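Okay, structure first, notes after.
The values are calculated or read from the model by the stated rules, or taken from the named source; none is laboratory data. This one's a predicted model, so the numbers in the text were calculated from it and none came from an experiment. Glycine also receives a Cβ, built like all others from the backbone with ideal geometry; neighbour counts cover every protein chain displayed. Just so you know, the surface numbers come from the protein's heavy atoms only, side chains and all, with ligands and any DNA or RNA stripped out. Shrake-Rupley method; radii C 1.70, N 1.55, O 1.52, S 1.80 Å.
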Amino acid sequence: MQLFLIADEWPQMEPLIAYLTEQGHEVQTFKETDQLPDLSAFEAGFMFIHKPIEAHVLKALIAYPETGRRLIVLHHGIASGKLRSPEWLDFVGIHIEPKDAPVNPWTLMVDLTHTLVNLNPDHYITSHQVDYPETCEYTSSDAPSYPVTRPAVTFHGTEFFKNQHFADGRDKTVLFGTRAEVPDTGEVIMQDRGGWLKPKGNGWLFYFQPGHLPADFENPTYRQIIHNCLTWTP
(Lines give C-alpha, C1' and ligand atoms only; values in the text may rest on other atoms or scores of the structure.)
Protein backbone atom coordinates (compact mmCIF):
# COMPACT_ATOMS: atom_id res chain seq x y z
CA MET A 1 0.00 0.00 0.00
CA GLN A 2 1.24 3.48 -0.88
CA LEU A 3 1.11 5.67 2.27
CA PHE A 4 2.03 9.25 3.10
CA LEU A 5 2.99 10.66 6.49
CA ILE A 6 3.06 14.38 7.28
CA ALA A 7 4.73 15.38 10.56
CA ASP A 8 6.62 18.12 12.34
CA GLU A 9 8.24 15.82 14.95
CA TRP A 10 10.13 12.75 13.78
CA PRO A 11 11.54 10.66 16.69
CA GLN A 12 8.05 9.31 17.41
CA MET A 13 7.40 8.57 13.74
CA GLU A 14 10.58 6.58 13.14
CA PRO A 15 9.35 3.36 14.81
CA LEU A 16 5.95 3.71 13.12
CA ILE A 17 7.53 4.15 9.69
CA ALA A 18 9.81 1.16 10.32
CA TYR A 19 6.83 -0.99 11.33
CA LEU A 20 4.72 0.01 8.33
CA THR A 21 7.65 -0.71 6.02
CA GLU A 22 8.09 -4.14 7.62
CA GLN A 23 4.43 -4.81 6.84
CA GLY A 24 5.14 -4.26 3.15
CA HIS A 25 3.91 -0.70 2.76
CA GLU A 26 5.73 2.13 1.01
CA VAL A 27 5.77 5.26 3.17
CA GLN A 28 6.55 8.69 1.71
CA THR A 29 7.23 11.35 4.33
CA PHE A 30 6.63 15.10 4.18
CA LYS A 31 7.47 17.95 6.51
CA GLU A 32 4.63 20.30 7.38
CA THR A 33 6.37 23.02 5.34
CA ASP A 34 6.82 20.93 2.17
CA GLN A 35 4.88 21.52 -1.00
CA LEU A 36 2.72 18.46 -1.36
CA PRO A 37 1.99 16.35 -4.42
CA ASP A 38 -1.48 15.15 -5.32
CA LEU A 39 -2.30 13.12 -2.20
CA SER A 40 -5.02 11.16 -3.96
CA ALA A 41 -2.22 9.01 -5.38
CA PHE A 42 -1.78 7.53 -1.89
CA GLU A 43 -4.13 4.88 -0.53
CA ALA A 44 -3.97 6.18 3.07
CA GLY A 45 -2.17 8.85 5.06
CA PHE A 46 -0.99 9.77 8.54
CA MET A 47 -0.92 13.20 10.19
CA PHE A 48 1.31 13.96 13.20
CA ILE A 49 1.53 17.77 13.32
CA HIS A 50 1.94 19.49 16.67
CA LYS A 51 1.95 23.12 15.55
CA PRO A 52 -0.83 25.08 13.85
CA ILE A 53 -1.22 23.65 10.36
CA GLU A 54 0.20 25.41 7.31
CA ALA A 55 -2.64 26.61 5.07
CA HIS A 56 -1.67 24.49 2.06
CA VAL A 57 -1.32 21.37 4.21
CA LEU A 58 -4.65 22.05 5.91
CA LYS A 59 -6.39 22.32 2.55
CA ALA A 60 -4.81 19.10 1.28
CA LEU A 61 -5.64 17.09 4.41
CA ILE A 62 -9.25 18.25 4.54
CA ALA A 63 -9.74 17.34 0.89
CA TYR A 64 -8.00 13.98 1.13
CA PRO A 65 -10.77 11.72 2.57
CA GLU A 66 -13.22 13.09 0.01
CA THR A 67 -11.34 10.98 -2.56
CA GLY A 68 -12.40 7.79 -0.74
CA ARG A 69 -9.09 7.48 1.12
CA ARG A 70 -8.27 7.06 4.83
CA LEU A 71 -6.59 9.68 7.01
CA ILE A 72 -5.22 8.62 10.40
CA VAL A 73 -4.58 11.47 12.84
CA LEU A 74 -2.28 10.73 15.75
CA HIS A 75 -1.84 12.23 19.22
CA HIS A 76 -1.26 16.00 19.09
CA GLY A 77 -2.87 16.16 15.66
CA ILE A 78 -5.79 17.21 17.87
CA ALA A 79 -4.43 19.37 20.69
CA SER A 80 -4.55 22.97 21.92
CA GLY A 81 -2.29 24.27 19.15
CA LYS A 82 -5.16 23.59 16.76
CA LEU A 83 -7.13 26.45 18.32
CA ARG A 84 -5.20 28.48 15.74
CA SER A 85 -6.44 26.13 13.02
CA PRO A 86 -10.24 26.30 13.54
CA GLU A 87 -10.97 24.79 10.11
CA TRP A 88 -9.13 21.67 11.25
CA LEU A 89 -11.13 21.37 14.46
CA ASP A 90 -14.33 21.73 12.44
CA PHE A 91 -13.09 19.03 10.04
CA VAL A 92 -12.34 16.52 12.81
CA GLY A 93 -15.50 17.41 14.76
CA ILE A 94 -13.73 18.47 17.95
CA HIS A 95 -14.19 21.52 20.17
CA ILE A 96 -11.38 22.59 22.51
CA GLU A 97 -11.92 25.05 25.32
CA PRO A 98 -8.85 27.19 26.06
CA LYS A 99 -6.64 26.07 28.93
CA ASP A 100 -7.91 28.93 31.13
CA ALA A 101 -11.62 28.32 30.43
CA PRO A 102 -13.73 28.15 33.61
CA VAL A 103 -15.53 24.93 32.58
CA ASN A 104 -14.00 21.79 31.02
CA PRO A 105 -10.79 23.39 29.71
CA TRP A 106 -8.48 21.41 27.44
CA THR A 107 -5.79 20.09 29.77
CA LEU A 108 -2.43 18.52 29.02
CA MET A 109 -1.20 16.05 31.63
CA VAL A 110 2.37 14.82 31.38
CA ASP A 111 4.56 12.01 32.70
CA LEU A 112 1.73 9.73 33.75
CA THR A 113 0.27 6.35 32.95
CA HIS A 114 -2.20 6.44 30.07
CA THR A 115 -4.39 3.39 29.53
CA LEU A 116 -6.18 2.82 26.23
CA VAL A 117 -9.37 0.84 26.91
CA ASN A 118 -11.21 -1.15 24.24
CA LEU A 119 -14.82 0.10 24.29
CA ASN A 120 -15.86 -1.57 21.03
CA PRO A 121 -14.57 -5.15 21.31
CA ASP A 122 -16.49 -6.49 18.30
CA HIS A 123 -14.99 -4.00 15.85
CA TYR A 124 -12.30 -5.21 13.44
CA ILE A 125 -9.95 -2.34 14.30
CA THR A 126 -10.00 -3.09 18.02
CA SER A 127 -9.91 -6.88 17.69
CA HIS A 128 -8.21 -8.23 14.55
CA GLN A 129 -4.95 -9.88 15.67
CA VAL A 130 -4.81 -7.47 18.63
CA ASP A 131 -3.31 -8.97 21.79
CA TYR A 132 -4.25 -6.92 24.84
CA PRO A 133 -1.85 -7.45 27.75
CA GLU A 134 -4.32 -6.53 30.48
CA THR A 135 -7.88 -5.65 31.43
CA CYS A 136 -9.16 -2.50 33.05
CA GLU A 137 -12.30 -1.44 34.90
CA TYR A 138 -13.77 1.53 33.06
CA THR A 139 -16.81 3.78 33.40
CA SER A 140 -17.85 5.47 30.19
CA SER A 141 -17.93 9.27 30.16
CA ASP A 142 -21.25 8.96 28.32
CA ALA A 143 -23.07 9.26 31.63
CA PRO A 144 -24.98 7.68 33.24
CA SER A 145 -22.84 4.58 32.89
CA TYR A 146 -21.88 1.52 34.90
CA PRO A 147 -18.32 0.19 35.31
CA VAL A 148 -17.27 -2.61 32.96
CA THR A 149 -14.06 -4.60 32.58
CA ARG A 150 -12.48 -4.26 29.15
CA PRO A 151 -9.24 -5.24 27.38
CA ALA A 152 -6.62 -2.53 27.64
CA VAL A 153 -3.04 -1.49 26.93
CA THR A 154 -1.02 0.92 29.06
CA PHE A 155 1.57 3.53 28.07
CA HIS A 156 3.93 4.73 30.80
CA GLY A 157 5.49 8.17 31.35
CA THR A 158 3.55 9.68 28.48
CA GLU A 159 0.87 12.34 27.89
CA PHE A 160 -2.89 12.47 28.38
CA PHE A 161 -5.29 14.98 26.84
CA LYS A 162 -8.33 15.84 28.94
CA ASN A 163 -11.52 17.35 27.52
CA GLN A 164 -11.53 16.85 23.78
CA HIS A 165 -15.19 17.78 23.23
CA PHE A 166 -17.05 15.98 20.45
CA ALA A 167 -18.71 18.61 18.24
CA ASP A 168 -20.45 16.41 15.69
CA GLY A 169 -23.15 14.61 17.64
CA ARG A 170 -23.05 10.86 17.00
CA ASP A 171 -21.05 11.00 13.75
CA LYS A 172 -18.10 9.28 15.40
CA THR A 173 -17.81 5.58 16.19
CA VAL A 174 -15.95 5.39 19.49
CA LEU A 175 -13.36 2.63 19.60
CA PHE A 176 -11.33 3.38 22.75
CA GLY A 177 -11.57 5.19 26.02
CA THR A 178 -8.68 6.86 27.81
CA ARG A 179 -7.95 6.34 31.49
CA ALA A 180 -5.35 8.16 33.56
CA GLU A 181 -4.59 8.57 37.25
CA VAL A 182 -3.23 11.94 38.35
CA PRO A 183 -0.07 11.18 40.37
CA ASP A 184 -0.37 14.07 42.85
CA THR A 185 -4.05 13.71 43.72
CA GLY A 186 -4.96 10.15 42.79
CA GLU A 187 -7.85 11.45 40.66
CA VAL A 188 -8.89 8.94 38.01
CA ILE A 189 -9.97 10.41 34.67
CA MET A 190 -11.91 8.32 32.16
CA GLN A 191 -13.11 9.79 28.87
CA ASP A 192 -14.34 8.12 25.68
CA ARG A 193 -11.75 9.88 23.55
CA GLY A 194 -8.90 7.38 23.12
CA GLY A 195 -9.71 6.42 19.54
CA TRP A 196 -12.52 6.85 17.08
CA LEU A 197 -13.45 6.88 13.42
CA LYS A 198 -15.96 8.78 11.31
CA PRO A 199 -16.94 8.90 7.64
CA LYS A 200 -15.70 11.91 5.67
CA GLY A 201 -17.01 12.24 2.15
CA ASN A 202 -16.34 8.92 0.46
CA GLY A 203 -13.51 8.10 2.87
CA TRP A 204 -12.72 7.77 6.56
CA LEU A 205 -11.07 9.76 9.32
CA PHE A 206 -9.43 8.07 12.33
CA TYR A 207 -7.91 9.43 15.53
CA PHE A 208 -5.86 7.83 18.30
CA GLN A 209 -4.63 9.76 21.32
CA PRO A 210 -1.43 7.90 22.38
CA GLY A 211 1.82 8.92 20.70
CA HIS A 212 3.85 11.35 22.80
CA LEU A 213 6.87 9.03 23.00
CA PRO A 214 8.62 6.86 20.41
CA ALA A 215 7.99 3.96 22.79
CA ASP A 216 4.24 4.43 22.30
CA PHE A 217 4.66 3.42 18.65
CA GLU A 218 6.91 0.50 19.58
CA ASN A 219 4.03 -1.11 21.48
CA PRO A 220 2.87 -4.15 19.45
CA THR A 221 -0.74 -3.81 20.55
CA TYR A 222 -0.93 -0.19 19.43
CA ARG A 223 0.86 -0.95 16.18
CA GLN A 224 -1.65 -3.62 15.28
CA ILE A 225 -4.57 -1.32 16.07
CA ILE A 226 -3.14 1.34 13.76
CA HIS A 227 -2.46 -1.20 11.03
CA ASN A 228 -6.02 -2.48 11.25
CA CYS A 229 -7.20 0.94 10.04
CA LEU A 230 -5.47 0.16 6.74
CA THR A 231 -6.96 -3.32 6.28
CA TRP A 232 -10.49 -2.77 7.69
CA THR A 233 -13.36 -3.24 5.24
CA PRO A 234 -16.28 -0.94 6.18
Scanning the stretch 98-115 residue by residue, those open to solvent by less than 20 Å² (accessible area, probe 1.4 Å) and within 21 Å of PHE176 (Cα to Cα) turn out to be TRP106, LEU112, HIS114, THR115
Given the structure, is TRP10 among the aromatic types (Phe, Trp, Tyr) and either on the phi > 0 side of the Ramachandran plot or surrounded by fewer than 21 Cβ atoms within 10 Å (Cβ to Cβ) (or both)? yes
If ILE125 satisfies all but one of (1) more than 18 Å from VAL174 (Cβ to Cβ); (2) under 16 Å from the mean Cα position of the chain (by Cα); (3) touching a residue at least 40 places away in the same chain (Cβ under 8 Å); (4) open to solvent by less than 70 Å² (accessible area, probe 1.4 Å), what's the number of the condition it fails? (1)
Within the stretch 151-169, which residues are surrounded by fewer than 21 Cβ atoms within 10 Å (Cβ to Cβ) and either in a strand (DSSP E or B) or in contact (Cβ under 8 Å) with a residue 60 or more places away in the chain (or both)? PRO151, THR154, HIS156, GLY157, LYS162, ASN163, HIS165, PHE166, ALA167, ASP168
Check the stretch 27-39 and report whether any residue there is farther than 22 Å from LEU5 by Cβ and either among the polar types (S, T, N, Q) or in contact (Cβ under 8 Å) with a residue 40 or more places away in the chain (or both). no
Go through the stretch 102-118 and count every residue that is outside any strand (DSSP E or B) and closer than 15 Å to TYR222 by Cα. 0
Could you check, for the stretch 171-186, whether at least one of its residues is in contact with a Phe, Trp or Tyr (Cβ under 8 Å, 6 or more places away or on another chain), touching a residue at least 40 places away in the same chain (Cβ under 8 Å), farther than 24 Å from HIS227 by Cα and not in a loop (DSSP other than H, G, I, E, B)? yes
Please work out which residue is nearest to LEU5 (Cα to Cα), limiting yourself to the stretch 41-97 and to residues that are open to solvent by 10 Å² or more (accessible area, probe 1.4 Å) and hydroxyl-bearing (Ser, Thr, Tyr). THR67
